[in-house]
Structures are given as C-alpha cells and as structure tokens.
There are 2 protein chains.
Amino acid sequence: MKSILIKNIVLNNKLTDILIKDNLIDKISEDIDFQADRIINGNGRSVIPGLVNMHTHAAMTLMRGIGEDLSLTEWLESKIWPTERKLTDEMVYWGTKLACLEMIKSGTTCFNDQYWSLPYAVQAADEMGMRSFQPYVILDLLDESNSEKIKYECEKMYELSGKWSSRNKFAIGLHAPYSVSRNMIVWASEFAQKRDMLVHIHLSETKGENDRSLAMHGVSSTYYLEQLGVLNSKMIAAHCLWMDDADIDLLAKRDVKIVHNINSNLKIASGYKFRYNEFRDAGLTVSLGTDGCASSNNLDMIETMKTTALVQKGWRGDPRELPLDELISLATVNGGKSLGIKCGVIEEGYLADLVIIDTNSVAFTPNINFLANLIYSANSSCVDTVICDGKILMENRIIEGEQEILRMANKLYMDLL
Amino acid sequence: MKSILIKNIVLNNKLTDILIKDNLIDKISEDIDFQADRIINGNGRSVIPGLVNMHTHAAMTLMRGIGEDLSLTEWLESKIWPTERKLTDEMVYWGTKLACLEMIKSGTTCFNDQYWSLPYAVQAADEMGMRSFQPYVILDLLDESNSEKIKYECEKMYELSGKWSSRNKFAIGLHAPYSVSRNMIVWASEFAQKRDMLVHIHLSETKGENDRSLAMHGVSSTYYLEQLGVLNSKMIAAHCLWMDDADIDLLAKRDVKIVHNINSNLKIASGYKFRYNEFRDAGLTVSLGTDGCASSNNLDMIETMKTTALVQKGWRGDPRELPLDELISLATVNGGKSLGIKCGVIEEGYLADLVIIDTNSVAFTPNINFLANLIYSANSSCVDTVICDGKILMENRIIEGEQEILRMANKLYMDLL
C-alpha cells in the first residue's frame, strides 16, 4: 500500500495534516506522525477537493477555436460536423490527453465525458491518471435501421469495460431526446438500469428543442422522456435551460441529476436563465460542467464557478444569489453525488482526489476570504499540485509528458482544418 | 535615448520584429538590424497592445473579498463605507501598488482610476511604471457647505500635478450625478474644460439611480447632465446600463465616452443588458473596465473581455454578437481613443505599451485562432512580458518588488477588518 502525508496544509481555514493510504483519505488531523512513502510539505498552502467536470466532450479540445462568432447552424454545418467526420481514433486519443492535461492543470480530477472512439478516450484518461465516466454514445438520428448494430457494439464495449481500471467507469451516452429514436432510448435505458449504470444525456438545451418536442409529442422534452419511462436517479441531464415548474417537479420526483454549463450556454446563445434556485429548492442535485472546447473553448472549472455565480446574481438581480459555500459544492461534492462515488469531499474515507492551491500570489492578497479569492479573483494558474486516486498527477504545476501532448495536438489538428 | 528590439514575435498572425526607441514604437518590420540597448527574443511568442482598464478604484484592491454575497445596502453600509473610513494614505499607496502589480501581471499597461489620497496613488502608479489617469475625486453628497474647500483643494492638486511624470495625468472625478451637487458638477466640468482635462463619472449604474433622477429632476441621469451642460467628448462615463434610445442619441451627439464593467455589474447585480450594439451603431466609443476589487474582486482585463462577449451573446440570444476583432478593440484602442492618447495600437509612432503572450501552453493548443485562445481559452497567466512607455515592467512574469508588495498588503489590510 502506497501512502502520502501532506503536512501543514490549510483545509477550511485551519492548518492540518492529511494522510492518504492507497486511494483513500485515511486521516485528517493536526500533527500526524506516520512514515509515509511520500511527504508533501503544504507550507501553509490550501487544499480543496478535486473539481468534478460533469459534462464535457474531452476529445473536442483538439477543435478549440475552430468556429468562432458563428450562428448555431453555420457553426454546426460548416465547422463541427465536417470536422468530426475527419476525426480519427488517434485524434481522439491525443485530444483526450490534451483535455486531461488541461483539466489537471486547472484542478479537475474527475470528468463525465461523452464522445466517440471510446477505447481511445479511455486509454488516454487512464494514462493521465484521471477519474472518468466514459459512455458508449448513441446517436441514431431517429433512424432505426442500424439499431441492431448499435446494440451489439454497446454490449461488446460493455464487456470490454470489465478490463478498465477502477477509475474509469462505463456509462451510456444518449445524445438527446430529439436525436435518438424512441425504441433506442428505451433499450439503452433498460440496458443501463440492469447493470446499475449512468445514462448521460443532453436535455432541454435550446428553446427550439423544447418547442419541437411540444409540436411533435405534445409535451416538453422532459415529459417526453417520462412517457418513455427513462427518467430516474441514474440519469445525468446536461443543460436543462428551458424548464418550466412542471418539468422541475417531475425531475425532482425522479431524482434526475442536473448539470449546468454556463460558458457554453452563453457562447452559443442557448440561454442563460438557468433556474438554479428552483432546482435546488425542489431537492435536485445540481452540478457544473464546461461542455466541450468546440463550444466553450476551455475546461476550466474555477472559471465555470465564477461565471455561474455572476450570471445567477445578474439575471436574478440579487447579489446574494448562489453564495460561495453553495457554489463550491456544485463543482465538488454534488458531482460526486451525481456520479454515485465518494469524491468531492475532503473527509476520512473519501477518495483521495485533492488539489493544492498556491495562495502566495497577488490574486490571494489580501487573503480575507479564501473561497472568494479562489473563485472570483484567481485563475486556474493557482492550482499547484493535483492528487487523484491517491496518485500525484501534477506537482508544482509540472506534468510528465506535457510537451509531447502539446506537440502531438499541434501536429494532428492540422488534418482537421 | 533607450531602445528595445523585439525579434521574432507574432503580430496579427505574422512573424516580425519591433523596434522601440524611447517611449515610442519606432519601426515594425521583418528582420530589423539595429544595435538596440536591449534585445528580447520573441521566440515565436505573440504580442498584443497593452490592455487599457478604463474604470477602476485601484486602492480598493486592499479590500478584496471583504464583503461577499451581500445585498447592495448591506455591502455598502456594513462593509465598504466603514472600511473606507479606516483607509490611510499608506494603505492607498500600498493598495495601489498591489493593483498595479495585478494589472501588469494580467497585461494591463494603462488605467483610468478614481480614488482618494491622490498623491499616494500617483506615487504608487508612477513607481510601478504604469500609465494612468488620476482624478481628483469630488463627492459632496449634495452638501454645498464645503464647496470652497473642495475647489481650493482641487486647484492645489492640479498645480501639484504639473510635477507628475508624463505617464500620469490629472483628471476630474465626479462620483455620480446623484451624489454631487448641481453647482459643483458645473464648476468641476468648467474647471476641466478650461484645462482640456477628462472628467470621469459613474452614470446610470442602477435602475434605482435612473428612477430617482426621473422623480427628482423629471429626466434621466443622462438628460440631467445635459441640462447642466456638462456632457462632452472629454467625459468618461462608467457603467451606462440603464439607457433608453433617447439617452444613447444624446450621448452620441455629445460624443461621451462609454465604459462597460460587466463583472462588477453582474456581481453586485446592477444590471447586465448593456446595449453595446446600440452604443456602437450610434458611433460611440465603448471601452471596458474592471471596476474596483471590492465589487468585482480582480483587475483582469482578459477575463473581462471574455465575460463581456459571453454576456452580450447570451442576453441577445445570438452567438454572432461582439466578434473577436471588435472585442479586443474595446480593451485596447478604444481605451486609448477615449483617453485621447496614442496607446492600444501596435503601429509605428504609437506609445510603446506592449504585452508578450506565451503561447506554448495547453490553452493555446491547438493555435487555430490566437484571439479566441487568448480571450476564451487562456487566462492571464499567459502574459509573459509587459512593456509600458518603452520600459520593461515585467519579464518572464517577474516583477521587481512583488514579494514586498504582497507582504505590505497582507500586513495593512488587517487594520481594515
């Protein structure tokens, strides 16, 4: 069993030591005396839980900046779709490595993905040492002629996932209620339920989607999924921007997990009046994501927390909205809760996913309020050291193999243009 | 005459050399052969104009994080006002140094300030090597009993400003139309006009301000200033959130300069539907500011550009709003235009205010679109080297005296709590 002892680190405004054994937080106490394999001197720096990015398309990091300032149609038809057709397995592998590099450097230790070429994405995430949920993506564009092939591949991939490391978990990715046929949604949901797996879906991202659902099915996107019987506590629904009170009540009844992605929502102008208070008050678990880099350009969860709170305060017209303690929980413990794993919390018995923040900088001066400084003043360059599953992924901002990843990404993207 | 030669630097996607003589950009060309006092090898990094922060209260950086998640009234009455009463000249000096340190580290070379203890703020900005506009602040709370004293002090400060370096310029700061008496606004405006100086004012920041103006004067805040005859091309109006078409037409007729401060506007929930398109289409010069750190926590103009564009795209519901070329101009050349100085542009004959961006990082990989990467993907830690007025203020992220500033700020703020 490997062990790491972090000495003199500030946790919740108190100086303490943290002992990690294997992949778990073993003990948190002042002055721990233990002969650990590795000792990190916190030197009065601060520690936070590893951030959880609950909605992304990691490999799209290779398409960063490919379509800017375009209408949604132009962006999809002239940039995203033609580019995706050129993506190879090798590109997904290096694109996912690039994404992991960026996530680690900005304090994220766990992500909930949704993309193609699954084995290559998993290999990349695994090699980078991150924790991830990797879905088999189903997007049949309402065409049922390929259903048997999709089912076969999904089952085959599920079998292969038995060999993945414990950090990477298989899931089902349903693109969206409007892009997957009714029978396939039902089949995939049952497939997941039988195996106690998560289903990751885009839901109610645009007003247009909801309007079309009303026209086609007579009900909202959310109620359409209810009619199919697939709403449950294992569903992770990304976006959820266009929800009325009835939708929210229904989601609460089914305990669906909600993921808000403000930077993407603003940048491609899907909407911004995310009804955080109503979701929270209905008892729903809300977490945050960055979405993919083709829409929102980076995978920075610290920045995501800031934009989330600013926009909630702004559109509600009240500076008391989404206070700091609640805000940090959306990017940490609520992610863990949604995924059903013990991460996002620094307590004994939880997974050892920790981020050390360097507070010796202008952004943390004066250090009256650590969380305010972290979220509203600093940027992710304050992330100094990252531990995931009891292993050090970055120390003093250095990650092994960084330059090779940048070099490969800079070489491969050229074939996409 | 001092000279700096920057070799192999990317300017507008082309590799070039830049020669600086004294405080001006002397020559931009491939392969300049000149025996400069100092040669910087760009090594393929990129250069942008120094950013211009058009509205801040620099010394309030010492109050960063002092009041979070509070209503506006509670924030002002329980935090800001009591704290400001304890501020000493020494605190303003070190608070302004802290602000300058932060601005330089995030690529800002010029700022338009508004705060107390003017000589101490000027001394700090001057020692840090930044370019600034430093106003004598007038805030009489509609009480005319001190008018003669204010006028006397303003004139005295104006005389003293004759000894300031050419980088720091004197201006008039009028707090706001609702907080300065009618006669004082008129006097200050005439004082400034006679001396060809700028007047920096808060205008139409909240709906309440505009509503009160309508109730008290029968017209909007903007029309009230028109009645006083003080709207002109030398007025820098910060915020301008609650403007109707008639207000915008009037501002355009008078060529008032408009400053948008989105992070502050969102965080203290003043409003967010800044009518950028209407201001631009009316021919107005719009620039960006951070406001002070008590409201928006940092002085980061790169982040400000991002939030500005995201929110314009979001509230207008169109991803084509505020495209990148226009966005960068708001933080550079439009600041220079508003201030009436030749900064914010990298062309021969302009002031040598330049920022070198390190693009060898994950945020700039792939580097399909430099501006998109700078604004939407990177954070200000990409700022590598900063030159202002032909002098190097930061090189490889190192600023002389940084640790002393952090130490003094961390010592002094304790007396504010």
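Please give the calculated 222 nm ellipticity per residue for the protein assembly as shown, where each DSSP H segment of at least 4 residues contributes -39500 (n - 2.57) and the sum is spread over every residue; nearest 500 deg cm²/dmol? All intermediate terms of the calculation are to be shown ahead of the outcome.
Details: 30 runs with 292 residues, N = 834.
Calculated at 222 nm, the ellipticity per residue is -10000 deg cm²/dmol.
For the range A:373-385, 3J(HN,Hα) computed residue by residue from phi via the Karplus equation (6.51, -1.76, 1.60; θ = phi - 60°) reads 5, 4, 8, 9, 10, 7, 10, 6, 5, 6, 6, 9, 9 Hz, glycine and proline entered as x. Note on B:11-20: average number of Cβ atoms from other chains within 10 Å of each residue's Cβ is 0. Each of B:Leu251, B:Ser233, A:Ile248 was scored by the projection of its Cα onto the charge dipole of the protein assembly as shown, and the greatest displacement toward the positive side belongs to B:Ser233; charges sit on the C-beta of Lys, Arg, Asp and Glu.
With an a/c value of 1.5 or above and a/b not larger than b/c for the gyration tensor axes a ≥ b ≥ c computed over the alpha-carbon atoms, the range A:273-396 is described as oblate.
Highest average first, the peptides A:24-36, A:283-295, B:235-247, A:311-323 ordered by how many other beta carbon atoms sit within 10 Å of their residues are A:283-295, B:235-247, A:311-323, A:24-36. About the centre of its Cα atoms, the protein assembly as shown shows a dipole size close to 220 debye [charges on the beta carbon of Lys, Arg (+1) and Asp, Glu (-1) only; nearest 20 debye].
Model label sites at A:Asp33 and A:Asn396, defined 7 Å from Cα along the beta-carbon direction, differ in position by 3.0 nm.
Checking the a/c ratio against 1.5 first, then a/b against b/c, what shape does the Cα gyration tensor give for the protein assembly as shown?
On the way: a/c = 1.70, a/b = 1.53, b/c = 1.11.
Prolate, because a/c is 1.5 or more and a/b exceeds b/c.
Sequence-ordered 3J(HN,Hα) estimates for the range B:222-238 from the Karplus curve with 6.51, -1.76 and 1.60 and θ = phi - 60° stand at 5, 5, 4, 5, 4, 4, 7, x, 10, 6, 7, 6, 9, 8, 9, 9, 8 Hz, glycine and proline given as x.
Charges were assigned to the Cβ only: +1 to each Lys and Arg, -1 to each Asp and Glu. The resulting dipole of the range B:176-265 about its Cα centre is roughly 340 debye. Taking amide H atoms as placed 1.01 Å from N in the peptide plane, the amide H of B:Ile138 lies under 5 Å from those of B:Gly173, B:Leu174, B:His175, each 5 or more residues away in sequence or on another chain.
Residue by residue along A:265-271, Cβ atoms of other protein chains within 10 Å of the local Cβ number 6 on average. The Cα center of the range A:18-75 and the Cα center of the range A:232-286 differ in position by 24 Å. Of all DSSP-defined beta bridges confined to chain A, some 45% are antiparallel rather than parallel. Against the empirical 2.2 N^0.38 Å (N residues), the range A:199-298 has a Cα radius of gyration ratio of 1.01. Sorting B:142-148, A:125-131, A:94-100 by their mean Cβ neighbour count within 10 Å, with the most densely packed peptide first, gives A:94-100, A:125-131, B:142-148. For chain A, the longest principal axis of the Cα atoms and the long axis of helix A:245-254 meet at an angle of about 70 degrees.
Ranking B:Tyr152, B:Ser165, B:Thr206 by how far each Cα lies toward the positive end of the dipole of chain B (charges on Cβ) leaves B:Ser165 at the top. Of the chymotrypsin sites (Phe, Trp or Tyr not before Pro) found in the range A:330-417, no site is in coil according to DSSP while having at most 14 other Cβ atoms within 10 Å of its Cβ.
Here the calculated FRET efficiency for A:Leu417 and B:Arg212, from their Cβ-Cβ distance with R0 = 56 Å, stands at 0.55, rounded to the nearest 0.05. Compared with the dominant principal axis of the Cα atoms in chain B, helix B:301-316 is inclined by about 60°. Size estimate for chain A follows the Kirkwood approach: the inverse of mean 1/r over distinct Cα pairs works out to 21.8 Å.
What nm distance separates the two modelled labels at A:Asn41 and A:Asp249, each placed 7 Å from Cα along Cα→Cβ? For the pair A:Asn41/A:Asp249, the computed spacing is 6.1 nm.
Across peptide A:281-294, how many C-beta atoms of other chains are within 10 Å of each residue C-beta, on average? Mind dumping the intermediate values first?
Working: counts 0, 0, 0, 0, 0, 0, 0, 0, 0, 0, 0, 0, 3, 0.
Taking all residues of A:281-294 together, the mean is 0.
As a ratio to 2.2 N^0.38 Å, the alpha-carbon radius of gyration computed for the range A:343-415 takes the value 1.41.
Explain nothing, just the number: dipole magnitude of the range A:1-64 about its Cα centre with +1 on each Lys and Arg Cβ and -1 on each Asp and Glu Cβ, in debye rounded to the nearest 20.
Values: 8 positive and 7 negative charges, 65 e Å.
Roughly 320 debye, rounded to the nearest 20.
Between the listed residues B:Pro119, A:Ile405, B:Ser329, the Cα displaced farthest toward the positive end of the dipole of the protein assembly as shown, a dipole computed from Cβ unit charges relative to the Cα centre, is found at A:Ile405. Using the Karplus relation 6.51 cos²θ - 1.76 cosθ + 1.60 with θ = phi - 60°, the per-residue 3J(HN,Hα) values for the range A:275-290 come to 8, 3, 4, 5, 4, 4, 5, 7, x, 6, 8, 10, 10, 10, x, 9 Hz, with x marking Gly and Pro. Around the amide H of B:Met235, modelled in the peptide plane, lie the amide H atoms of B:Val199, B:Lys257, all under 5 Å away and 5 or more residues distant in sequence or on another chain. Across identical copies of the chain, B:Asn360 has label-point separations of 2.5 nm, listed in ascending order, with the point defined 7 angstrom from Cα along Cα→Cβ.
Where a number appears in this text, it was derived from the coordinates with a stated rule and is not lab data. If you're wondering where the values come from, they're calculated on a predicted model, not measured in any experiment. Positions of Cβ are backbone-derived with ideal geometry, glycine not excepted, and every protein chain shown enters the neighbour counts.
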